[in-house]
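Participant: Encoded as structure tokens, here's the structure I'll be asking about.
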Amino acid sequence: MTCEIARSRSSHSFMASALGLAVASASSCSLAEQTSSPPLELGNINIDAQASGDYKTERSASSKYATPLLDTPQTITVVPSQVIKEQQALSLRQVLSNVSGITFNAGEGGGGSGDSINIRGFSANSNIQIDGLRDSAQTNRTDTFNVEQVEVIKGPNSVFGGAGTTGGSINIISKQPQDQAFTRLGGSVGTDNYYRMTLDSNQPLEGVGQDSAFRINLMGHQNDVAGREQIDRERWGIAPSLRLGLSESTRLTLSAFHQVDDNLPDYGVPALDGKRLAGVNREDYFGWKNLDKEEIEQSSFTANFEHDFNDNLRLQNLTRYSHIARDTTVSASHVNTTGVPPGRYRPAGPQGYGRDATTEMWINQTNLISNFNLLGMRHDLVSGMEVSRETMDLKTYGYGLSNALYPANGYDLSNPPGHWSGPANKATSGYTDTELTNQALYVFDTIALHEQWDLNLGLRYDKFKGEAQGYDAAHVRTSDFESTDEKLSGRAGLVYKPTENGRIYLAWGNSFNPSAESLASTGGGLSATTENLAPEKNETWELGTKWELLDKRLELDAAVFRVEKTNARETMADGSTQLAGKQRVQGVEVGVTGHITEQWDVFANYTFLDSETLKAANTAAGIAREGQALGNTPPRSLNLWTTYELPAGWTLGYGARYVSERNVTSSTSAKLDAYWLHNAMVAYRVNEDLDLQLNVNNLFNKDYVERVRQQNGTDARSSAIEYGDARSAILSATYAF
């Protein structure tokens, strides 16, 4: 009871502090507005055009993509700021739910939990970037208060993203200073104790260099999880950024980010073969609320230097330091129903298992972007280099929970206690120190062979090195592994332009997955059997078309593709690891984005995936996998978000998501149920300064499995499933001045 009261007081204190910070910042921004020159404030409004409500994105924010998305021979889906705002999508997982062909795995305590994302059937956990720079730390990206848009680049893509990128990569674009002065103060309340405040304020700095500006984003948030009332979330964040125009041709943007989370982790409910156990309710909590926790503190600082030598030559240098401290204690919702009366259970799997991890990363990227004519052909050339070093210091600990401490007849399966009342002796079990370094050189060229033909070429060299040392509780070294991989990655695409508004393309690309790929995020990957193992190899072929319709207001994309992993890592019967597997995913992607009419917007995409394990290790489990679809890879998925603007300031929105049946694992035919999910939105513009918005999510209160642990489970140790949020309602107001 004392802990709950303290938590409640902390919650109110946290929201009060966030409110005070927001009001103080808003006041200072208002003062700055009053002292600046009104005629100057009205200039260059087009700079803020991206936030004005356009679903259709013309270009990637990454300097590596020198041409518009229409001319890029690859499936790239951009979730724009307007869709994020209309949906009140707060986490990266909610944003990515707008992109078909993406699924989510449940967190594994031993692997560090955090965001676990699959694209086209393959893990993308280590393939997340922020503003084009690698961000591989294993954590939950819980808030979008400083996110402008999210780009999903599909297919093997090491030439752009480095190691990994089998199914694709994710590039999160941060909000940047702009030329227009504005301040937007937002507040939200909702069901399940939902409270939120945000501030987004931008101010040009008159008299400071050329086109200098300052922007600050603030956020304070708390809520319980709909349908899981015992699970609560609490966080706050601040993100200032300063753009200094050193001259007409030279700019320096300095950005900082700090966010603190205090959450109760949710590991779902016990399940067998993808179905929750009989007698278990979706709201039941199988952890220990007085032991389990998720405390995250993340900070980063980014410097973006740009210099225009002339209209055809530009230099960009990006440097970032990031630090993430994440202390989690989790209790798996696996249960053992053997040896106890019917309707009873004992916990199985880790209980009160703790991971205290600190991840640090330094990364520098230099790009030289040039446009020139050579032999009568135009070249859009991007060349560059990237160096990075990331480390993780991990301490694992536990509270000594074991079968000997559980009641002889177990606990009531339909009423788990949720609170540990036995002895809890916290003790460290071991330490892991890892280091991951990478040096890369790359070049991309888009060559205009003819007014109707473009050739896209890309080449990248990576030297990827990982080191890992393990220690016992007494700091005595127990393991020491090292791995170095040098790989050359490539990409080629041919684009045909039959008309001004249409493109047809054929593209090939490859990628590699070294054993040390996840070393600095989860601490795993290197062992005696993998440190000398060559990387997995992946390649893709894609044939697609892109068309701008209705006076270029609407874009229609379609592609057929095949992705193959030709030498997947397999655990053999003797415990060794060999590159003995082969997996393939082929399918179709279709997307529609933009304005159907001036009042009617649509953001929709559909993916068909035909996945199969073509070859597996020669073991009983391996033989079963051959011919099976990959786990958590639905053959069909559809996402739709559409809004219609009515007279008198009203706007209606509707969203739908469909995911077909999918295998729980790649070794059996047990299925997760298909589901449809429906969301709705109504917005009202009171006046030029005030907007109101009501979102109702999961309109029909559907029970659906959003995250799955890819295990079927047994009576002695069940698996677990994690449900998506139940029905919830959020009322938001935004005041702009």
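The values are calculated or read from the model by the stated rules, or taken from the named source; none is laboratory data. Remember, predicted model here, so these are calculated numbers, not experimental data. A quick note on method: Cβ atoms are made from the backbone with ideal geometry, for glycine too, and the neighbour counts reach across all protein chains shown.
Participant: Quick one: would you say Tyr704 is closer than 19 Å to Pro265 by Cβ and either of a type in the set (A, V, I, L, M) or under 26 Å from the mean Cα position of the chain (by Cα) (or both)? Please lay out each step first, then the result.
Facilitator: Details: closer than 19 Å to Pro265 by Cβ: no; either of a type in the set (A, V, I, L, M) or under 26 Å from the mean Cα position of the chain (by Cα) (or both): yes.
For Tyr704, the condition - closer than 19 Å to Pro265 by Cβ and either of a type in the set (A, V, I, L, M) or under 26 Å from the mean Cα position of the chain (by Cα) (or both) - is not met.
Participant: What is the number of the single condition among (1) surrounded by 14 or more Cβ atoms within 10 Å (Cβ to Cβ); (2) assigned to a strand (DSSP E or B); (3) in contact (Cβ under 8 Å) with a residue 60 or more places away in the chain; (4) not charged (D, E, K, R) that Thr437 does not meet?
Facilitator: (3)
Participant: Something else now. With respect to Thr734, determine if the residue is out of contact with any strand residue (DSSP E or B) (no Cβ under 7 Å at 6 or more places or on another chain) and not charged (D, E, K, R).
Facilitator: On the way: out of contact with any strand residue (DSSP E or B) (no Cβ under 7 Å at 6 or more places or on another chain): no; not charged (D, E, K, R): yes.
So Thr734 fails the test.
Participant: Which of the residues belonging to region 548-570 are in contact with a Ser or Thr (Cβ under 9 Å, 6 or more places away or on another chain), closer than 30 Å to Ala617 by Cα and surrounded by 16 or more Cβ atoms within 10 Å (Cβ to Cβ)? Please lay out each step first, then the result.
Facilitator: Going through region 548-570, the residues in contact with a Ser or Thr (Cβ under 9 Å, 6 or more places away or on another chain) turn out to be 550, 553-559, 561-565, 568-570.
If we keep only those that are closer than 30 Å to Ala617 by Cα as well, we get 561-565, 568-570.
Those that are in contact with a Ser or Thr (Cβ under 9 Å, 6 or more places away or on another chain), closer than 30 Å to Ala617 by Cα and surrounded by 16 or more Cβ atoms within 10 Å (Cβ to Cβ): Phe561, Val563, Glu564, Lys565, Ala568, Arg569, Glu570.
Participant: For region 241-287, name all the residues that are touching a residue at least 40 places away in the same chain (Cβ under 8 Å), within 21 Å of Gly220 (Cα to Cα) and not charged (D, E, K, R).
Facilitator: Across region 241-287, the qualifying residues are Ser241, Ser255, Ala256, Phe257, His258, Gln259, Asn263, Pro265.
Participant: Limited to region 684-696, what total is found for residues that are closer than 14 Å to Ala729 by Cβ and out of contact with any Phe, Trp or Tyr (no Cβ under 6 Å at 6 or more places or on another chain)? Spell out how you get there, then give the answer.
Facilitator: Our first condition is that a residue be closer than 14 Å to Ala729 by Cβ; within region 684-696, this holds for 692-696.
Still in the running and out of contact with any Phe, Trp or Tyr (no Cβ under 6 Å at 6 or more places or on another chain): 693-696.
Total satisfying the criteria: 4.
Participant: When you look at Ala239, is it more than 24 Å from the chain's Cα centre (by Cα) and small (Gly, Ala, Ser), yes or no? I'd like the intermediate steps shown before the answer.
Facilitator: Working: more than 24 Å from the chain's Cα centre (by Cα): no; small (Gly, Ala, Ser): yes.
Here the answer is no, as Ala239 does not meet what is asked.
Participant: When you go through Thr530, Thr577, Thr566, Thr597 one by one, which is the residue that is closer than 30 Å to Thr651 by Cα and among the β-branched types (Val, Ile, Thr)?
Facilitator: Details: Thr530 fails: closer than 30 Å to Thr651 by Cα; Thr577 fails: closer than 30 Å to Thr651 by Cα; Thr566 fails: closer than 30 Å to Thr651 by Cα.
Just a single option satisfies the conditions, and that option is Thr597.
Participant: Here's something else I'd like to know. Using the structure shown, decide if Ala617 is surrounded by 16 or more Cβ atoms within 10 Å (Cβ to Cβ), free of Cβ contacts under 8 Å to residues at least 60 places away in the same chain, within 24 Å of Thr75 (Cβ to Cβ) and out of contact with any helix residue (DSSP H, G or I) (no Cβ under 6 Å at 6 or more places or on another chain).
Facilitator: Working: surrounded by 16 or more Cβ atoms within 10 Å (Cβ to Cβ): yes; free of Cβ contacts under 8 Å to residues at least 60 places away in the same chain: yes; within 24 Å of Thr75 (Cβ to Cβ): no; out of contact with any helix residue (DSSP H, G or I) (no Cβ under 6 Å at 6 or more places or on another chain): yes.
Considered against the rule, which asks whether it is surrounded by 16 or more Cβ atoms within 10 Å (Cβ to Cβ), free of Cβ contacts under 8 Å to residues at least 60 places away in the same chain, within 24 Å of Thr75 (Cβ to Cβ) and out of contact with any helix residue (DSSP H, G or I) (no Cβ under 6 Å at 6 or more places or on another chain), Ala617 comes out as no.
Participant: Which condition number does Thr597 fail, the rest of (1) outside any strand (DSSP E or B); (2) β-branched (Val, Ile, Thr); (3) under 13 Å from Thr103 (Cβ atoms) being met?
Facilitator: So Thr597 meets the others, but not (3).
Participant: Taking the stated definitions as given, is Trp676 modelled with pLDDT of 95 or more, surrounded by fewer than 16 Cβ atoms within 10 Å (Cβ to Cβ) and not acidic (Asp, Glu)?
Facilitator: Numbers: modelled with pLDDT of 95 or more: yes; surrounded by fewer than 16 Cβ atoms within 10 Å (Cβ to Cβ): yes; not acidic (Asp, Glu): yes.
Considered against the rule, which asks whether it is modelled with pLDDT of 95 or more, surrounded by fewer than 16 Cβ atoms within 10 Å (Cβ to Cβ) and not acidic (Asp, Glu), Trp676 comes out as yes.
Participant: With over 19 Å from Gly155 (Cα atoms), hydroxyl-bearing (Ser, Thr, Tyr) and surrounded by fewer than 16 Cβ atoms within 10 Å (Cβ to Cβ) as the only criterion, which of Thr577, Thr597 stands out? If you could, list the steps in order and put the result at the bottom.
Facilitator: Numbers: Thr577 fails: surrounded by fewer than 16 Cβ atoms within 10 Å (Cβ to Cβ).
Result of the check over Thr577, Thr597: Thr597.
Participant: Given the criterion among the polar types (S, T, N, Q), farther than 29 Å from Glu435 by Cβ and crowded, with 22+ Cβ neighbours inside 10 Å, identify the matching residue among Thr540, Thr522, Thr545.
Facilitator: Numbers: Thr522 fails: farther than 29 Å from Glu435 by Cβ; Thr545 fails: crowded, with 22+ Cβ neighbours inside 10 Å.
Testing whether each residue is among the polar types (S, T, N, Q), farther than 29 Å from Glu435 by Cβ and crowded, with 22+ Cβ neighbours inside 10 Å leaves just Thr540.
Participant: So, Thr545, is that one of a type outside the set (Gly, Ala, Ser), in contact (Cβ under 8 Å) with a residue 12 or more places away in the chain and out of contact with any strand residue (DSSP E or B) (no Cβ under 8 Å at 6 or more places or on another chain) or not? Walk me through it before giving the result.
Facilitator: Details: of a type outside the set (Gly, Ala, Ser): yes; in contact (Cβ under 8 Å) with a residue 12 or more places away in the chain: yes; out of contact with any strand residue (DSSP E or B) (no Cβ under 8 Å at 6 or more places or on another chain): no.
Spelling it out, it is not the case that Thr545 is of a type outside the set (Gly, Ala, Ser), in contact (Cβ under 8 Å) with a residue 12 or more places away in the chain and out of contact with any strand residue (DSSP E or B) (no Cβ under 8 Å at 6 or more places or on another chain).
Participant: Return the residues of region 190-211 that are surrounded by fewer than 20 Cβ atoms within 10 Å (Cβ to Cβ), of a type in the set (S, T, N, Q) and at pLDDT 95 or above; say none if nothing qualifies.
Facilitator: Those that are surrounded by fewer than 20 Cβ atoms within 10 Å (Cβ to Cβ), of a type in the set (S, T, N, Q) and at pLDDT 95 or above: Thr191, Asn193.
Participant: Restricting to region 444-456, name every residue that is surrounded by fewer than 16 Cβ atoms within 10 Å (Cβ to Cβ) and of a type outside the set (S, T, N, Q). Quick ask: steps written out before the conclusion?
Facilitator: Step one: filter region 444-456 for residues surrounded by fewer than 16 Cβ atoms within 10 Å (Cβ to Cβ), giving 449-453.
Hits for region 444-456 are Leu449, His450, Glu451, Trp453.
Participant: Quick one: would you say Asn223 is surrounded by 22 or more Cβ atoms within 10 Å (Cβ to Cβ) and touching a residue at least 40 places away in the same chain (Cβ under 8 Å)? Lay out the reasoning, then the answer.
Facilitator: Details: surrounded by 22 or more Cβ atoms within 10 Å (Cβ to Cβ): yes; touching a residue at least 40 places away in the same chain (Cβ under 8 Å): no.
Against the criterion (surrounded by 22 or more Cβ atoms within 10 Å (Cβ to Cβ) and touching a residue at least 40 places away in the same chain (Cβ under 8 Å)), Asn223 does not qualify.
Participant: So Arg460 ticks every box in (1) surrounded by 14 or more Cβ atoms within 10 Å (Cβ to Cβ); (2) farther than 30 Å from Tyr496 by Cβ; (3) basic (Lys, Arg) but one. Which box is left unticked?
Facilitator: (2)
Participant: Among the residues of region 497-519 satisfying the criterion of being among the hydrophobic types (A, V, I, L, M, F, W, C) and buried (at least 22 other Cβ atoms within 10 Å of the Cβ), which is modelled with the lowest pLDDT?
Facilitator: We begin by selecting, within region 497-519, every residue among the hydrophobic types (A, V, I, L, M, F, W, C); these are 504, 506-508, 512, 516, 519.
Filter once more, so that each one left must be buried (at least 22 other Cβ atoms within 10 Å of the Cβ): 507, 512, 516, 519.
Details: Ala507: 97, Phe512: 93, Ala516: 90, Leu519: 85.
That would be Leu519.
Participant: Where in region 612-731 are there strands (runs of 3 or more DSSP E), lying wholly inside it, with at least 1 residues that are farther than 30 Å from Thr337 by Cα? Talk me through it step by step, then tell me what you get.
Facilitator: Details: elements: 636-645, 650-659, 675-685, 690-697, 705-708, 719-723.
Per the criteria, 636-645, 650-659, 675-685, 690-697.
Participant: Please enumerate the residues belonging to region 459-487 that are in contact with an Asp or Glu (Cβ under 8 Å, 6 or more places away or on another chain) and within 30 Å of Ser63 (Cα to Cα).
Facilitator: Within region 459-487, Tyr461, Asp462, Lys463, Phe464, Lys465, Gly466, Asp485, Glu486, Lys487 qualify.
Participant: Given (1) assigned to a loop (DSSP other than H, G, I, E, B); (2) surrounded by fewer than 16 Cβ atoms within 10 Å (Cβ to Cβ); (3) of a type in the set (A, V, I, L, M), identify the lone condition not met by Ala303.
Facilitator: Among (1) assigned to a loop (DSSP other than H, G, I, E, B); (2) surrounded by fewer than 16 Cβ atoms within 10 Å (Cβ to Cβ); (3) of a type in the set (A, V, I, L, M), the lone unmet condition for Ala303 is (1).
Participant: Something else about it: With the condition kept exactly as written, say whether any residue in region 567-574 is over 24 Å from Lys154 (Cβ atoms), in a strand (DSSP E or B) and touching a residue at least 24 places away in the same chain (Cβ under 8 Å).
Facilitator: Just the residues of region 567-574 that are over 24 Å from Lys154 (Cβ atoms), to begin with: 570-574.
Of the ones still in play, those that are also in a strand (DSSP E or B) are 570-571.
Adding the requirement that they be touching a residue at least 24 places away in the same chain (Cβ under 8 Å) leaves 570-571.
Yes.
Participant: So if I check each of Asp485, Asp412, which one is surrounded by 17 or more Cβ atoms within 10 Å (Cβ to Cβ) and either in contact (Cβ under 8 Å) with a residue 12 or more places away in the chain or touching a Pro at 6+ places or on another chain (Cβ under 9 Å) (or both)? Spell out the reasoning first.
Facilitator: On the way: Asp412 fails: surrounded by 17 or more Cβ atoms within 10 Å (Cβ to Cβ).
After ruling out the rest, the residue left standing is Asp485.
Participant: Now for a different question. Starting from region 384-408, keep only residues that are under 30 Å from Asp445 (Cβ atoms), then list their pairs with residues that are surrounded by fewer than 19 Cβ atoms within 10 Å (Cβ to Cβ) whose Cβ atoms are within a distance under 6 Å, requiring at least 6 positions of separation or different chains.
Facilitator: Gly384/Thr366; Met385/Thr366; Met385/Leu441; Val387/Asn364; Val387/Gln439; Arg389/Trp362; Arg389/Thr437
Participant: Also: Scan (1) modelled with pLDDT of 95 or more; (2) buried (at least 18 other Cβ atoms within 10 Å of the Cβ) for the single condition Gly274 breaks and write down its number.
Facilitator: (1)
Participant: Go through (1) in contact with an Asp or Glu (Cβ under 7 Å, 6 or more places away or on another chain); (2) crowded, with 20+ Cβ neighbours inside 10 Å one by one and return the number of the condition Thr391 breaks.
Facilitator: Status for Thr391: all satisfied but (2).
Participant: Are any residues in region 495-529 assigned to a strand (DSSP E or B) and more than 30 Å from the chain's Cα centre (by Cα), and if so, which ones?
Facilitator: Narrowing region 495-529 to residues assigned to a strand (DSSP E or B): 495-499, 502-513.
Tyr496, Lys497, Pro498, Thr499, Gly502 - these are the residues of region 495-529 that are assigned to a strand (DSSP E or B) and more than 30 Å from the chain's Cα centre (by Cα).
Participant: Further question on the same structure: Of the numbered conditions (1) crowded, with 21+ Cβ neighbours inside 10 Å; (2) modelled with pLDDT of 95 or more; (3) among the charged types (D, E, K, R), Asp266 fails exactly one; give the number of that condition.
Facilitator: Condition not satisfied by Asp266: (2).
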